[in-house]
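Below is one structure, written out as structure tokens, with a few remarks after it.
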Amino acid sequence: MERYTVFTKTKVINNTLAVKENIIRWLSDNQIILLKPNEGESLHYAGSRYTDIVEEDWSGEVEFITQKRELRHVLNWDLGVDFFLPDRVVCPKCQKDLIKDIDPATFYGEDNKQQDPNEIKFISELAKGISAWNSGKEVSLNCHNCKRKTLIENYDYDNSLIFTNFAIIFWNWPELNDKFKNEFKQKLGEDILIETL
């Protein structure tokens, strides 16, 4: 089973390539990763001092995402699931949770309870919107409560969906130590989410 620790901006930023190069330089200067990826690859492998940031003597790769992506779906493609039901989707204009009455068991086909058709339609539009957003399009969703449109990334998902254009993924690394996580968070600045999955 794959394991990953993700450092991600929770908002879209303007200077992804500059931030990426700054982080690569910092990690390689500290010999955590190799400066250059292998020829024909985009993954950076562990450097000679990777053990300074982990508890176990084992490592994987580091991947940088610098394009618009809804991160939860990117990270879980290998599970073969097309769409993950978020914990909540709150309209920023009317503050209503637009999916609070959806039963997850019914949504995933494990039960057959009656669902609110407006919420089901909204979820369908959200799934299509994620695909469009991941392909670089600007996407607005119509709130079925207040009938106003809002950009997909401006809804409140309580981090159950993350619309970003910058993430750093430590694939198949052991648990990163707290000292390194704190240093990395300071290096990346505000609006950072760190998760180990």
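The values are calculated or read from the model by the stated rules, or taken from the named source; none is laboratory data. As the structure is a computational prediction, the values presented were derived from the model and not from experiment. Virtual Cβ from ideal backbone geometry, glycine too; neighbours counted across all protein chains shown.
A few remarks follow.
- Residue that is farthest from TRP173 (Cα to Cα), among those in region 22-51 that are hydrophobic (A, V, I, L, M, F, W, C) and either outside the structural domain of LEU176 (by TED's automatic domain parsing) or in a strand (DSSP E or B) (or both): ILE33
- Take the conditions (1) touching a residue at least 40 places away in the same chain (Cβ under 8 Å); (2) surrounded by fewer than 14 Cβ atoms within 10 Å (Cβ to Cβ); SER135 misses just one of them, which is (1).
- Of the helices (runs of 4 or more DSSP H) lying entirely inside region 80-197, those containing at least 3 residues that are closer than 30 Å to ASN22 by Cβ and at pLDDT below 95 span 117-134, 178-188.
- Breaking point among (1) at pLDDT below 90; (2) within 27 Å of LYS137 (Cα to Cα), for THR51: (2)
- THR16 surrounded by 19 or more Cβ atoms within 10 Å (Cβ to Cβ), modelled with pLDDT of 75 or more, out of contact with any Gly (no Cβ under 9 Å at 6 or more places or on another chain) and among the hydroxyl-bearing types (Ser, Thr, Tyr): yes
- Taken over region 111-139, the criterion of being within 20 Å of SER160 (Cα to Cα), of a type outside the set (Phe, Trp, Tyr) and more than 19 Å from the chain's Cα centre (by Cα) is satisfied by GLU119, ILE120, LYS121, SER124, GLU125.
- Any chance ASN134 is within 24 Å of ARG3 (Cβ to Cβ) and assigned by TED's automatic domain parsing to the domain that holds CYS94: yes
- Of all residues in region 95-122, those that are surrounded by fewer than 14 Cβ atoms within 10 Å (Cβ to Cβ) have Cβ atoms under 7 Å from Cβ atoms of residues that are in a loop (DSSP other than H, G, I, E, B) and modelled with pLDDT under 90, 6 or more apart or on another chain, in ASP101/ASP116; PRO104/LEU85; ALA105/ASP111; ASP111/ASP103; LYS113/ASP103.
- Test set (1) under 14 Å from the mean Cα position of the chain (by Cα); (2) surrounded by 19 or more Cβ atoms within 10 Å (Cβ to Cβ); (3) at pLDDT 85 or above - VAL62 fails condition number: (1)
- Any hit, region 23-39, residues being under 23 Å from TYR157 (Cβ atoms) and modelled with pLDDT of 85 or more: no
- Condition met for LYS128 (in contact (Cβ under 8 Å) with a residue 12 or more places away in the chain and either surrounded by fewer than 17 Cβ atoms within 10 Å (Cβ to Cβ) or within 24 Å of ARG148 (Cβ to Cβ) (or both)): no
- Among the residues of region 157-185, those identified as among the aromatic types (Phe, Trp, Tyr) and under 30 Å from VAL90 (Cβ atoms) are TYR157, PHE163, PHE166, PHE184.
- Scanning region 1-13 for residues that are among the charged types (D, E, K, R) and either loosely packed, with under 11 Cβ neighbours inside 10 Å or part of a loop (DSSP other than H, G, I, E, B) (or both) yields GLU2, ARG3, LYS11.
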